[in-house]
Each structure stands twice: as C-alpha cells, then as structure tokens.
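First the structure, in the form of structure tokens, and then the observations on it.
The values are calculated or read from the model by the stated rules, or taken from the named source; none is laboratory data. None of these values were measured; they are calculated from a predicted model. Backbone-built Cβ (ideal geometry, glycine too); neighbour counts: all protein chains shown. With ligands, DNA and RNA removed, areas are computed over all heavy atoms of the protein, side chains included. Shrake-Rupley method; radii C 1.70, N 1.55, O 1.52, S 1.80 Å.
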Amino acid sequence: MREYLLTLCVTAAVTYLLTGPVRKFAIVAGAMPEIRARDVHREPTPRLGGIAMFFGLCAGLLVADHLTNLNQLFEKSNEPRALLSGAALIWLIGVLDDKFEIDALIKLGGQMIAAGVMVMQGLTILWLPIPGVGSVALTQWQGTLLTVALVVITINAVNFVDGLDGLAAGMVCIAAAAFFLYAYRIWYSYGIEAAAPATLFSAILMGMCLGFLPHNMHPARIFMGDSGSMLIGLVLAAGAISVTGQVDPDALKLFAGSEKEAVHQTVPVYIPLLLPLTIIAVPAADLILAIVRRTWRGQSPFAADRGHLHHRLLEIGHSHSRAVLIMYFWSALIAFGALTYSVNSASMWIVLSVVVLSTLGLILLLLPRFTPRAPRWAEAVVPPRYRRRRAAEPASDTSAPEALGEASEAAGEASEAAGRASEAAGEAAEDERTPVPAGVSGVAGANGATAVGSRARPAGRARPR
C-alpha cells in the first residue's frame with residue numbers, strides 16, 4: 001500500500017507543478033478558443049491541461065518501475081507498456097484537437113486505433129464470467145471488439161461530461177478511488193497477482209486528477225481539453241479491462257462446487273462487468289441521453305448542445321459549484337454503493353443506506369424549486385437565503401399596530417417630500433436650459449449613455465478630443 005500511495009503522490013505532485021507552466025504555454029500557443037454557445041464560462045480559458053496530466057502519468061509509471069514490489073509487475077506483465085502506448089497516442093490526438101479542432105470522426109478513429117494498440121500488446125479481455133454459465137472464453141476477434149468498444153465508450157463518456165469546472169476530473173477521481181479499493185481487495189485479500197496492474201492504474205489515475213483539480217476548480221484557470229479528458233477516460237477503461245478480462249473469477253475459490261456455481265454465487269462479491277459500468281454510470285447515462293436527444297432532432301450524435309446533465313442542473317437554478325458537487329455526490333453514491341455491495345451483499349443496512357442517500361440526492365436536485373426556511377435555532381449555520389426575514393423589534397407588544405401605522409405615515413410623508421423636491425429641481429433645470437444652435441463647439445453631443453444631456457465638467461476644463 002505504501003508504494004501505491006507513493007506512486008499516487010508523485011503523480012499528483014508532477015501534474016500539479018506542471019499545470020502552471022502548461023497554462024502559460026497554452027496562452028502563448030493560442031490554445032484559447034472563443035466562447036461557444038454551449039459553454040458556461042464567461043472568459044476565454046486556455047486548454048491543453050492534458051499535457052501536465054500525461055507527464056504525471058509517465059512520472060507515476062517511472063516511479064512504480066523503480067519500486068521494490070511494483071517492479072515485479074513490469075517484469076511479469078506487459079500491460080503498463082500497453083497503457084503507456086495507447087495513452088501517448090490518444091494524448092497526441094487530443095493535443096491536436098485542442099489546438100486545431102480536428103473532425104469528430106477523426107478523433108473516433110484515433111480512439112479505436114489507441115485501443116487497438118493496447119490490444120496488440122496484451123491489454124485485452126480474454127474471458128467473461130457470466131452468472132449461471134461460468135467463464136466464457138472469447139476468441140481473439142471477440143475480445144478485440146469488446147475491448148475497443150469499452151475503451152471508446154468510456155473515453156466519450158468522460159469527454160461528454162467535461163462541461164463544468166472540475167467536473168470530469170472530480171468524477172473520474174471518485175471512480176478511480178472506488179476502483180482502487182476494489183482492485184486492491186482482489187489483489188491483496190485473495191492473492192491474485194493479475195489484479196495488480198488495475199490497482200496501479202487506478203492509483204496513477206487518482207494522482208492525475210488530484211494534481212489537476214486545484215487549477216481546474218471554479219473559476220478554472222485552465223481546462224484539461226480533449227487531451228486530458230480522453231486520456232483519463234482511456235486510463236479508466238484500461239483498469240476496467242485489466243481486472244475484468246484478465247482475472248479468472250474461479251480463482252477466488254470462495255465456494256466449493258462447480259465453476260458455474262462459483263461464478264453464480266460470487267457475482268455480488270466479484271462484479272466483473274457491473275462495477276466498471278457503475279463507475280461510469282453518470283457519464284454513460286449522459287452519453288446515451290445525448291445520442292438519443294441529438295438523433296431524435298435529426299442532428300449528428302457528435303453535434304454539441306446544451307442538453308447535458310450539468311447544463312440541466314444550471315437551468316434548474318443550481319449554482320456552478322453546487323451543480324458540480326451534486327454530480328460528485330451521485331458518482332460517489334453509485335461507485336461506492338456498488339463497491340460496498342460487492343463486499344457484503346447480504347446486509348440490508350447497505351440497501352437502506354443507499355435508499356436514504358438517494359432520497360437526499362433527489363432533495364438536493366429539487367432544492368432550487370422551493371426555498372425552505374430554516375427554524376430559528378438553525379439560522380446561524382445555514383446560508384442567508386434560507387433564513388427568515390426579521391421585522392423591526394417593536395417597543396412593546398401592545399403598541400405594535402400603532403408603531404406600524406406611524407411608520408407607514410412617516411414613509412408616506414417622506415415620499416411626498418421627495419416628489420416635491422424632484423418637481424422643484426425639474427422646474428429650475430427647465431428655466432436654466434437654453435437652446436444650443438447646431439455647430440457650436442465645446443458642447444457635448446448626445447452619444448450613448450450621455451443621450452439625456454451633457455456631463456457636468458469642472459470650470460476651466462476643456463472637453464477632451
């Protein structure tokens with residue numbers, strides 16, 4: 001665990017320290033696109049944050065290669081090299097897109113090529129554990145197609161959700177934390193070495209996101225761009241592929257009996273297919289809804305719009321920061337809920353906790369629809385918008401109506417006095433106003449905000465030309 005934590009810290013430190021220089025480079029390189037109709041930020045913000053994240057990935061893999069225990073992973077498995085090859089390719093495509101805005105189909109082809117590069121180096125799905133059937137071995141073509149599909153779906157799911165400051169990095173960090181605990185349990189508790197690469201990938205992914213988040217939280221000073229969103233999506237998919245298709249579920253040996261019974265009974269404990277999908281449940285749901293919405297309108301599935309989940313939260317009335325936190329909440333609930341259920345599926349407390357937290361999440365979603373008022377005793381700890389309005393304290397309970405009447409009469413008299421003063425000022429100004437013939441210089445003309453009249457200037461001061 002110490003070596004994983006050291007790798008995480010080194011990755012986060014390198015990413016954090018490089019993000020500042022990368023931001024200056026992006027400004028000099030002109031990677032600051034104009035604000036689009038679907039954007040929610042107000043000022044042009046540099047992109048290319050994926051450059052710092054990629055070098056953080058390289059630093060994490062380099063440190064892990066020189067550690068005592070993790071060094072064995074590089075000697076026994078080719079998956080770290082496969083990840084680095086695919087990440088480098090997808091990162092280059094993202095950098096080009098951040099700078100030159102390449103076509104969506106070209107990006108899709110690049111994603112498939114990057115996935116194919118990882119498959120060629122051994123990072124692929126070999127078999128699928130199916131409940132009631134057992135471990136089903138896949139042919140080379142089946143494993144390749146399934147791996148490429150999972151990589152492309154995960155990359156685009158993360159890319160689609162990258163619409164608010166800190167949203168994609170935070171959600172992927174939450175998913176990586178849940179996946180790290182899951183993979184580490186498989187590797188450490190059951191002694192299955194095939195789960196070690198997925199554990200390392202998750203630790204490095206957490207470091208990349210944690211190092212970039214301080215620069216990307218609202219208001220963001222830099223965006224990760226496609227070079228960052230596609231990169232972290234590929235790393236997340238690589239971990240899911242490694243632990244799903246490389247680990248034999250029957251190797252857990254939790255139950256005696258046939259392989260079919262073992263797989264069937266260990267599904268709640270070892271969720272080989274469901275856990276990776278639940279980790280990206282929110283981005284995947286946003287991706288599916290976006291495709292259906294755009295296709296229904298007769299648009300391209302890759303056409304950008306303002307119909308994503310985070311845009312809907314802003315339209316409901318949530319602030320930028322609150323919308324991001326709500327998305328964090330749902331991601332953590334789904335990812336850690338599935339993780340907890342895999343540890344102990346027989347506990348009703350887990351189900352009840354998920355139900356209670358889901359209810360709380362729904363209340364938070366609908367919060368802008370109504371403005372509840374906190375009780376008097378809780379007003380000191382809630383925001384001002386939820387506090388009750390306090391009226392002026394009356395002198396005594398018996399004189400409250402009289403005080404209100406006197407205050408109303410005083411307000412009326414003040415309003416009448418103000419009206420008389422305004423009329424007097426208008427008459428005085430009308431008496432002093434003299435017509436100005438056309439062509440007379442030295443008098444300000446009607447222009448913009450000065451259309452009502454000329455601005456008063458100190459005596460002896462000429463009008464600037």
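Among 318-325, 180-187, 77-84, how do they line up from the highest to the lowest mean number of other beta-carbon atoms within 10 Å?
180-187, 77-84, 318-325
Counting only residues 5 or more places away or on other chains, whose amide H sits under 5 Å from the amide H of Ser135 once H atoms are built in the peptide plane?
When sequence neighbours closer than 5 places are left aside, the close amide H contacts are Ile130.
At a 1.4 Å probe, what is the % contribution of carbon and sulfur to the accessible area of the stretch 121-214?
Within the stretch 121-214, the accessible surface is 69 percent carbon and sulfur.
If you line up the Cα atoms of the stretch 161-233 on their principal axes, what length do they span on each, largest first, in Å?
Computed over the stretch 161-233, the largest-to-smallest principal extents equal 44, 18, 18 Å.
With r as the distance between the Cβ atoms of Ala149 and Cys58 and R0 = 25 Å, compute the FRET efficiency 1/(1 + (r/R0)^6) and round to 0.05.
The calculated FRET efficiency here is 0.40.
Could you sort the peptides 21-28, 330-337 by per-residue average Cβ neighbour count (10 Å cutoff), highest mean leading?
330-337, 21-28
First measure r as the distance between the Cβ atoms of Ala378 and Ala285, then evaluate 1/(1 + (r/R0)^6) with R0 = 51 Å and state the FRET efficiency to the nearest 0.05.
0.90
Under the rule of at least 5 residues apart or a separate chain, name every residue whose amide H is placed under 5 Å from the amide H of Gly49.
Phe223, Met224, Gly225
Determine ³J(HN,Hα), in whole Hz, for all residues of the stretch 184-190 in sequence, where each value follows from phi through the Karplus function 6.51 cos²θ - 1.76 cosθ + 1.60 and θ = phi - 60°; x replaces Gly and Pro.
Couplings: 5, 5, 5, 6, 7, 6, 9 Hz.
Using per-residue counts of other Cβ atoms within 10 Å, averaged over each peptide, order 112-118, 348-354 from highest down.
Values: 112-118: 20.9, 348-354: 12.1.
Ranked from most to least packed, the peptides come out as 112-118, 348-354.
Would you calculate the separation in nanometres between label points at Arg221 and Ile363, each defined as 7 Å from the Cα along the Cα-to-beta-carbon direction?
Rounded to a tenth, the inter-label distance reads 3.8 nm.
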